[in-house]
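In what follows, a structure is listed as structure tokens, so that the remarks can point back to it.
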Amino acid sequence: MRIAAEQALPGARAARPPPLSPGSAQAAISDGKNPVSVLKEVCPDADFRLQGFIVSLSVAGQTFQGVGRWRRNAEMQAARKALSQLCGVAFGELVNSDPV
């Protein structure tokens, strides 16, 4: 079965608008358009990927950083570092490890 060029297939995506030029991107931002939307129009192949979380914990005048694939694990890592340094608590190497 042949389909005329004008007909859309059922379930087909709507055509994307033409990409914005850098000048029109600035105008879109100035008009209050969401920067992520503007970037996707300027660079349709942009690919956002969440690689993990970095958490910074400030306690007792010191800052501790935790990194993890999930926010909860990053928070736990920062808390472990703080407890280890401030209170001398020892944690096992493999307990709740979260490779990033």
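The values are calculated or read from the model by the stated rules, or taken from the named source; none is laboratory data. Small disclaimer: the values here were computed from a predicted structure and weren't measured. All Cβ positions, glycine included, derive from the backbone under ideal geometry; neighbour counts span all protein chains shown.
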For this session: Considering only residues that are among the charged types (D, E, K, R) and touching a strand residue (DSSP E or B) at 6+ places or on another chain (Cβ under 8 Å), look in region 38-78 and name the one that is farthest from residue 27 (Cα to Cα).
Result: 75
Problem set entry | Answer residue from region 22-59, given it is surrounded by fewer than 10 Cβ atoms within 10 Å (Cβ to Cβ) and in a loop (DSSP other than H, G, I, E, B) and is nearest to the chain's Cα centre (by Cα) among those | 50
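So if I check each of 15, 90, 4, 78, which one is surrounded by 10 or more Cβ atoms within 10 Å (Cβ to Cβ) and either modelled with pLDDT under 80 or not acidic (Asp, Glu) (or both)?
So the residue among 15, 90, 4, 78 that is surrounded by 10 or more Cβ atoms within 10 Å (Cβ to Cβ) and either modelled with pLDDT under 80 or not acidic (Asp, Glu) (or both) is 78.
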